[in-house]
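Please read the structure below before turning to the comments.
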Amino acid sequence: MVILRKLLCQKSTKFQNVWTKHSKSPVAYERGRIYFDNYRYCFNSVAAKPLQLYELAKCSKLEKIEDALLCECPVGEFLQNSLDYKSSLIAVTGQNWLLRLCSKTGVTLERIYLASYCKFRYLTWDIPQETIVLKSAHKKLTLAQQIVSPQSVLLYLAVFRIMPLSLVGMVEINKEIFGSNVSDATVSHGMLIVMYNVGLVKLYSFQWIIKQCTQQQLDLGQKCNWKGSAGIVGDFPFGVPCNVKITDSPPLLFEVSCLENAFQIGGFPWHYIITPNKKKEKGTYHICSLNNNVLAKNGMQDMKCCSLESDWIYFHPDASGRVIHVGPNQINVLRLKEIQNTSHQHQITEDFVIVANRENKENSHVTVTASGRVVKRRFDQLDDDPEQETFKIVDYEDELDLLSVVAVTQTENEGRAHIGFYCNETGTLLKNIMLEESWDVTYSHEVYFDRDTVIHIEQKPNRIFCCYVYKMVCNPVDDSPLEGV
């Protein structure tokens, strides 16, 4: 990867648009795979031009794939079934089937029927490449049903280990246990995270819940007697019973009040990022210790942006414990450091800053009153003024250790975007590439940088999706020095 990074940074190296495809349904990208038509078509983007790997059989809207995750082949582990060594696409369908498909051929390796008592729609990682979480849609009753039997179950969570696929537990989130104003829940990094309408977030140990609240251990493919019914776990129509029943509020690990339930955990040691639970605090972020809730020194971050789109902040995905704060014209990469001679208190320091390339312009409006008096009114431009270079997307390429930053400038007729590749350690700009297609700021955009490939997915009006693929092209070696390494 060191050689690839040096090649990428050469002045003579270009990125060329090699492939474009349009679709009437959302386009998804993950780890060298491009998916169209609800994952029915799969293309390999690693090749010089994307090649179709497989096409799944046509199905009805009810049978389509709702969500999916790409599961890599495990390395250094002994597995009894040889099929478990295949990298696969884990998917949940509209008819409540959990599928494991071969990522190269689309052949179904495993099928598990989940349940008939709820509709599963969302699929996320609990621990990446180890355990997955399926979340059902919120259960809703008609007005007549609510009068007869008030709704108490909000949703269901099904947690599975992968490679091999096995059930951890099926849990219901019940308002009688967690409170009538509970609004959502998920499982992440071994914690049950419960969110409330009032902006409250509570954390519980999911391991404790599984250990203390599991009513019956269930094994996929095995016979089971459940409340008077018998069947095979994971087979249709028996499915997977809700075998984890929480009858009382579990021990609370942590709770915090925050705006819009926006809560992130990361850093080393563990810290969390929130916005205080007041609308006037929007755009202000607090970085606090998870251990004692103490605000880190310089832990209140506020760019004071005057913009239509708000700034955003998150823990750096490179596991360095750093924080990335992105505004329309500035990107701050921050570091958590322990303060010397204190009892484990930390401070936020600036690692480096990336600043948009802008001209300093002062604007004024001149008006003339009825009496002929000239009045000048001065005003400042918005920080995300379309005529100025504005940051839209920041991504991290872990194998090349580069930050990719999409910046957009609006010209007279259209918006133009370029991607800057920055050193992840110093923030030095190493390479700039232009995207050939125009960039409309009113459309939804996704940009992925993966080794020698750039993928731009754009959603236009009337549900028209466009996928543009760029490949790195190395011209004949010349005497030009490297832009950076």
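A residue that is surrounded by fewer than 14 Cβ atoms within 10 Å (Cβ to Cβ) and at pLDDT below 95 occurs somewhere in region 116-123.
Within region 434-447, the set of residues being surrounded by fewer than 20 Cβ atoms within 10 Å (Cβ to Cβ) and part of a strand (DSSP E or B) comprises MET434, SER444, HIS445, GLU446. Candidates in region 1-25 are the residues that are open to solvent by 60 Å² or more (accessible area, probe 1.4 Å) and in a loop (DSSP other than H, G, I, E, B); of these, the one that is farthest from ASN475 (Cα to Cα) is LYS24. Take the conditions (1) touching a Cys at 6+ places or on another chain (Cβ under 6 Å); (2) more than 21 Å from ASP395 (Cα to Cα); ASP311 misses just one of them, which is (2).
Do you know which residues across region 448-464 are more than 19 Å from the chain's Cα centre (by Cα) and surrounded by 19 or more Cβ atoms within 10 Å (Cβ to Cβ)?
The initial filter retains those residues of region 448-464 that are more than 19 Å from the chain's Cα centre (by Cα), namely 451-453, 460-464.
Across region 448-464, the qualifying residue is only THR453.
Taking GLY228 as the residue in question, decide whether it is surrounded by 12 or more Cβ atoms within 10 Å (Cβ to Cβ) and of a type outside the set (A, V, I, L, M). Considered against the rule, which asks whether it is surrounded by 12 or more Cβ atoms within 10 Å (Cβ to Cβ) and of a type outside the set (A, V, I, L, M), GLY228 comes out as no. Residues of region 56-68 that are open to solvent by 60 Å² or more (accessible area, probe 1.4 Å) and hydrophobic (A, V, I, L, M, F, W, C): ALA57, CYS59, LEU62. ALA296 meets the conditions (1) surrounded by 13 or more Cβ atoms within 10 Å (Cβ to Cβ); (2) closer than 23 Å to ILE393 by Cα in every case but one. The failed one is (2).
Somewhere in region 42-55, is a residue farther than 23 Å from GLY221 by Cβ, at pLDDT 95 or above, buried (at least 19 other Cβ atoms within 10 Å of the Cβ) and polar (S, T, N, Q)? Yes: region 42-55 contains one or more residues that are farther than 23 Å from GLY221 by Cβ, at pLDDT 95 or above, buried (at least 19 other Cβ atoms within 10 Å of the Cβ) and polar (S, T, N, Q).
Out of all the residues in region 210-221, is one or more of a type in the set (A, V, I, L, M), farther than 30 Å from SER116 by Cα, touching a residue at least 12 places away in the same chain (Cβ under 8 Å) and surrounded by 16 or more Cβ atoms within 10 Å (Cβ to Cβ)? No, there is no match, as no residue in region 210-221 is of a type in the set (A, V, I, L, M), farther than 30 Å from SER116 by Cα, touching a residue at least 12 places away in the same chain (Cβ under 8 Å) and surrounded by 16 or more Cβ atoms within 10 Å (Cβ to Cβ). On the basis of being modelled with pLDDT of 95 or more, buried (at least 17 other Cβ atoms within 10 Å of the Cβ) and within 20 Å of the chain's Cα centre (by Cα), does ILE112 make the cut? Here the answer is no, as ILE112 does not meet what is asked.
On inspection, SER307 passes the criterion of being in contact (Cβ under 8 Å) with a residue 40 or more places away in the chain, of a type in the set (Gly, Ala, Ser), more than 23 Å from LYS202 (Cα to Cα) and open to solvent by less than 40 Å² (accessible area, probe 1.4 Å).
Restricting region 198-226 to residues that are of a type in the set (Val, Ile, Thr) and not in a strand (DSSP E or B) leaves a set whose member that is farthest from VAL256 (Cα to Cα) is ILE210.
Filter region 234-283 down to residues that are of a type in the set (Phe, Trp, Tyr) and assigned to a loop (DSSP other than H, G, I, E, B) and give me whichever is most open to solvent (accessible area, probe 1.4 Å). Spell out the reasoning first.
Narrowing region 234-283 to residues of a type in the set (Phe, Trp, Tyr): 236, 238, 254, 263, 268, 270, 272.
Narrowing further to those that are assigned to a loop (DSSP other than H, G, I, E, B): 236, 238, 268, 270.
On the way: PHE236: 136, PHE238: 46, PHE268: 170, TRP270: 150 Å².
Result: PHE268.
The rows are residues; the columns are (1) under 25 Å from the mean Cα position of the chain (by Cα); (2) touching a residue at least 60 places away in the same chain (Cβ under 8 Å).
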site: THR13; (1), (2): no, yes
site: THR20; (1), (2): yes, yes
site: ASN44; (1), (2): yes, no
site: PRO50; (1), (2): yes, yes
site: LYS58; (1), (2): no, no
site: LEU69; (1), (2): yes, yes
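The values are calculated or read from the model by the stated rules, or taken from the named source; none is laboratory data. As the structure is a computational prediction, the values presented were derived from the model and not from experiment. Heads up, the Cβs are rebuilt from the backbone with ideal geometry, glycines too, and the neighbour counts pull from every protein chain shown. What goes into the accessible areas is simple: the full protein's heavy atoms, side chains included, and nothing from ligands, DNA or RNA. Shrake-Rupley method; radii C 1.70, N 1.55, O 1.52, S 1.80 Å.
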